[in-house]
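Shown next, in structure tokens, is the structure this report addresses.
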Amino acid sequence: YNAQPTIKEVARQLRSSSMYVGQRFIKDTGRSFYDYLSEIRLAHARELLASTVLKVGEISRQVGIGSAQYFSNLFHESVGVTPNEFRNRHLRQV
């Protein structure tokens, strides 16, 4: 999830077409490959925010989202709070 996988690369590894893999992924999971990938990235980001004091930009890079601003916007849209607000509510003793 943090290596910037694409549906085209996944399809190539499966020796299939990207269109087929994308359609099959939606059929099997109910969401697109990229939506699913974002969910995995954000789940890991929540874990890191709750258990480390890493800066938001570093967490963004670790979960495979190069832009801290985009990460913050995506996180807020998905979780309902900013990464720092989430951390303040959930940070465990480090």
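The values are calculated or read from the model by the stated rules, or taken from the named source; none is laboratory data. In this text, all values refer to a predicted model and were calculated from it rather than measured experimentally. Because the Cβ atoms are built from the backbone with ideal geometry, glycine has one as well, and the counts that use them run over all protein chains shown. These accessible areas exclude ligands, DNA and RNA; they are computed on the full protein's heavy atoms, side chains included. Shrake-Rupley method; radii C 1.70, N 1.55, O 1.52, S 1.80 Å.
Looking only at residues of the range 11-55 that are farther than 30 Å from Thr82 by Cβ and of a type in the set (S, T, N, Q), we find that the one that is surrounded by the most Cβ atoms within 10 Å (Cβ to Cβ) is Ser18.
If only residues of the range 11-38 that are over 19 Å from the mean Cα position of the chain (by Cα) and not in a helix (DSSP H, G or I) are counted, the one that is farthest from Ser78 (Cα to Cα) is Arg15. Annotation: of all residues in the range 67-77 being loosely packed, with under 14 Cβ neighbours inside 10 Å and at pLDDT 95 or above, the one that is nearest to Gln4 (Cα to Cα) is Tyr70. Taking the conditions (1) open to solvent by less than 20 Å² (accessible area, probe 1.4 Å); (2) in a helix (DSSP H, G or I) in turn, Gly64 satisfies each one other than (2).
Quick one: would you say Ser32 is more than 23 Å from Ala11 (Cβ to Cβ) and among the small types (Gly, Ala, Ser)? No. Checking the range 82-93 against the condition returns a match, with at least one residue being open to solvent by 80 Å² or more (accessible area, probe 1.4 Å), among the charged types (D, E, K, R), free of Cβ contacts under 8 Å to residues at least 60 places away in the same chain and touching a helix residue (DSSP H, G or I) at 6+ places or on another chain (Cβ under 7 Å). Just one of the listed residues (Ser78, Ser72) is without any contact (Cβ under 8 Å) to a residue 24 or more places away in the chain and touching a helix residue (DSSP H, G or I) at 6+ places or on another chain (Cβ under 7 Å), namely Ser72. Entry remark, the range 66-92: residues being over 14 Å from Glu39 (Cα atoms) and of a type in the set (Asp, Glu) number 1 in total.
Regarding Lys8, is this residue in a helix (DSSP H, G or I), touching a helix residue (DSSP H, G or I) at 6+ places or on another chain (Cβ under 7 Å) and open to solvent by 80 Å² or more (accessible area, probe 1.4 Å)? So Lys8 passes the test.
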